[in-house]
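The values are calculated or read from the model by the stated rules, or taken from the named source; none is laboratory data. Being a predicted model, the structure only gives us computed values, none of them experimental. So basically every Cβ, Gly included, is an ideal-geometry build from the backbone, and we count neighbours across all protein chains shown.
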């Protein structure tokens, strides 16, 4: 089973920005759970793969399957 990319476009950019902000705020305020959630959101944007999207069948990546 190959876990194909399913995050793309504005979704990817929003995940990177929101994840980075959440990590920064979480680290600054000492709310490490927020930094952890931000890291997960950031990584899904960076890698272009989201497990939840995979489970519910959503794909925002413009790359067509070959």
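What residue, among those in the stretch 2-18 that are in a loop (DSSP other than H, G, I, E, B) and either buried (at least 16 other Cβ atoms within 10 Å of the Cβ) or on the phi < 0 side of the Ramachandran plot (or both), is farthest from the chain's Cα centre (by Cα)? Selected residue: 2.
Answer yes or no as to whether residue 37 is in contact (Cβ under 8 Å) with a residue 12 or more places away in the chain, loosely packed, with under 15 Cβ neighbours inside 10 Å and within 13 Å of the chain's Cα centre (by Cα). Judged against the criteria, residue 37 is not a match. Going by the conditions given, is residue 27 at pLDDT 95 or above, part of a helix (DSSP H, G or I) and surrounded by fewer than 16 Cβ atoms within 10 Å (Cβ to Cβ)? When the stated conditions are applied, residue 27 passes them.
Based on what the data block shows, is residue 52 exposed (fewer than 13 other Cβ atoms within 10 Å of the Cβ) and part of a helix (DSSP H, G or I)? Answer is yes for this residue. Each residue in the stretch 39-49 was checked for being in a helix (DSSP H, G or I) and farther than 13 Å from residue 14 by Cβ, and 4 of them qualify.
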